[in-house]
Structure formats: structure tokens, C-alpha cells
1. Per residue, how much accessible area does the chain show when a 1.4 Å probe rolls over the protein heavy atoms, in square angstrom?
2. Kindly sort Glu219, Glu101, Glu120 by accessible area of their heavy atoms, largest first, with the probe set to 1.4 Å.
3. Run through the DSSP bridge list for the chain and note the antiparallel percent, rounded to the nearest 5.
4. Please give me, ordered by residue number, the trypsin sites (Lys or Arg not before Pro) of region 235-277 that lie in loop per DSSP and have at most 11 other Cβ atoms within 10 Å.
5. Can you check what the net charge comes to around Arg364, using other residues whose Cβ is under 13 Å from the Cβ of Arg364 (Lys, Arg +1; Asp, Glu -1)?
6. Which of the pairs Lys272/Lys315; Lys191/Lys302; Lys16/Lys130; Lys92/Lys369; Lys191/Lys266; Lys2/Lys103 have their Cα atoms more than 27 Å apart in this structure?
7. Using helices alone, what [θ] at 222 nm do you get for the chain, with -39,500 (n - 2.57) per DSSP H run of 4 or more residues, divided over all residues and rounded to the nearest 500?
8. What's the center-to-center distance, using Cα atoms, between region 337-369 and region 33-74 in Å?
Amino acid sequence: MKYIVVTGGVVSGLGKGVTISSMGRLLQACGLRVTAIKIDPYLNVDAGTMSPFEHGEVFVLNDGGETDLDLGNYERFLSLELTQDHNITTGKVYRNVILKERKGDYLGKTVQVVPHITNEIQDWIEATAKIPTSEDGEEADVCLIEVGGTVGDIESSVFLEALRQFQFRVGSENFVLCFVSLVPILSDEQKTKPTQHGVKDLRSLGLSPSIIFCRCTEELLQPTRQKISSFCHVPADHVLSVHDVKNVYQVPILLQQQNLHTLLEKHLNISKMGGPNLGAWAVMANAMAQWTETVQICLIGKYTGLQDSYLSVIKALRHAAIACQHKLDLQWVEATDLENDDQEAWNKVKNCQGVIVPGGFGNRGFDGKVLAAKYCRENQKPYLGVCLGFQAMV
């Protein structure tokens, strides 16, 4: 088993999930099977009891596991069927260790963060990586591991220590560490200092990245690559530009153009890895920029202040639009605005081509959803109710 670990620095929300999913898609195009693990450093056992405003949507897996929304991203991008064990949290790890201590499994020893917690994390990663997640039921060749949060957070320090030990357990030929960082542009200059400090923090923990992904609004300039290479102890061709593109489906193509597959093949010594075949994927990703027709859909929800609360719904609508070769114009309406007879909100409902009302919890905003369902029924407007939105129809 080969392991690729992706961690990030400077700020959260840089796109580690999209980066790791794109890397997985590229490896699949090379003929390899992949699986994915998400590490979340919070003390919650899972995301099921967390507010959508706090953490975005809860993605429910086929086995009933309530997990981080990134696992939904992995499943959609890589056509995987993950389990609740593929989402490792601090709460799960400490719960397992405490239960073992209560049963006497440690034979009276003093239970400590090192080695007991770190060993539990490493054992969990190794066991989960072997769970088949692809359609053919075969064990994966490569396990992709995303560490949530940013380097330097107190919460994630135990996981980074476990990964530091893990690189020696599995061997350097089976372990690659990647680092996602921000390269801001100030006064028309690409700044490398945040990346330098992020890598410095990572190396102080005993981990040295082999590949650095640089998020930037514009393509990384060669002098910027060279500077990051010099200060971060990696070759210049291992500093990859992950700049803004028209849609996320172009990111695997972007990584292929910078020979990421060749770098991974060399670092991991993968003998059966062929050249990437992203032909059909590239046609789909590039065609989206050429479409001229637009479909306007109105999403009526309770948590519209954080759009990640409805990420799976948004992705489903976007995929449906892709299948119809249309651009998606998504209009957001807060359900309580309909109750208050807000004319701007009602105009969005009246002018759109279809309405979707996803789930939610509690009474707040429910009357607004009922009013939307009533309007759509009386005016022959297409309406899709999901969970609580379906109950509003009744």
C-alpha cells in the first residue's frame, strides 16, 4: 500500500479536498485503484451533531456514518463507496483508547498520547486503507489521506506526530507528504513568505513535504517557484501551481500538465503505473466553458448563510446541469424571508425555472417552505422537496 498525505498551512479552506480528489482522479487515469481517508482534529465523535452553520453539511455514507462533507467530495470525484471508518476524528480515537484502557487491554500500563494515541491512529489508517472502496471490490493501490485544519493548530498536532512515526513504519518508498499553501498577490507580486513559514512549521514537527501545491489566483511564475524551492527544500518542478480555473473539473488536467503523476511514480516507486488517460474527462471539463444556455434554479433553505450546508444538493444540481449541457444559475432564498413577504425573495421564486427545497431541523423557516410549495403547486412551477422540503409539500 502506498500512502499520500496532504496537509495545509496559512489558512483553512484552501482546497485540500479538491486537490486530493484531483490527485486521486489523475492516479485512477493511470490505472491505479485509490481510496481516501479524512482526518478531522475536532473532539466530536462525528459531524452528526454539529450545526450546519458551524461545519457545513453532514454527509451520510451508505453504512449510515455521519461524516465530514469532504467524504462526499471524494465519493463524487472518485466514484468510491467509503465507510464511517474513513473519517477519523479525535473523538473516535480517544474513545477507542479509553475503552481499551477500561477493558484492561493495556495491561495496567500508563496510557499516554505517545505511544498509545499515536499507535491507535496509525493502526486505524493501516486497517482502513485495506477496506475495498471501488466497484470491483479490490483493495486499493494508493491511500490518500487529508489532514484537516492547518499546520500549527494544537488540535492536529497528535495526528501530525502519528504521521511522523508512520512514515518510518511503512518506509519512505511508500509515503509521500504534500503541502497545500497560499501564495497571495500583493502589489502585483506573488508572495512566498506564508508558504515558507508553513513549511518551516511542518519541518519543525519532523515532517518534510516532497510536493508543494501553491494556491493562487494566477498561475505561479517561474521565479516564485524557484524561490519556494530554495527556501522549502524541494526541487522547483515539485512546486506545483494550483491557480484558479473555470471549474474544479479542470484541476486534474492542470496537475497532469505539471507531471504530478510522474513525480508520484518516482517517489512511490510504482511499477505498474501507466500514462494518464484523461481524454473523456478533459472533453467534459473543457466543454462546460462553451455552453451558452442557462437554467435558473431557486434553492430555498434555512442555512443559506453558509452555502456548504447544502454542498451535496449544489453538486447534484451542477451535475444535472452538466448532463443537460446547461450552465447553472443558482438563486439563494432564505425561507424566513418568504414568511416575511420579502419581495426580492419572492421575485426570485417567481422568475426561476424550478425550485428545490432541501432538508433542515426545527420549526424556523418551515412556514416559508410551505408557502413556496403552495406557490409552485398553484402556478405549475417545478418543485423538488428533499426531506423536510418534501414534508412541506404535504
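1. Here the per-residue accessible area is 46 Å².
2. So, going from the largest accessible area down, we get Glu219, Glu101, Glu120.
3. Given both bridge residues lie in the chain, the antiparallel proportion sits at roughly 10 percent.
4. Taking region 235-277 and a limit of 11 other Cβ atoms within 10 Å, the loop trypsin sites (Lys or Arg not before Pro) found are Lys246, Lys272.
5. Every neighbour counted, the sum reads -2.
6. Flagged as over cut-off: Lys272/Lys315; Lys191/Lys302; Lys92/Lys369; Lys191/Lys266; Lys2/Lys103.
7. -12000 deg cm²/dmol
8. 27 Å
The values are calculated or read from the model by the stated rules, or taken from the named source; none is laboratory data. These numbers come from a predicted model, not from an experiment. Neighbour counts run over all protein chains shown; Cβ positions are idealised from the backbone, glycine included. What goes into the accessible areas is simple: the full protein's heavy atoms, side chains included, and nothing from ligands, DNA or RNA. Shrake-Rupley method; radii C 1.70, N 1.55, O 1.52, S 1.80 Å.
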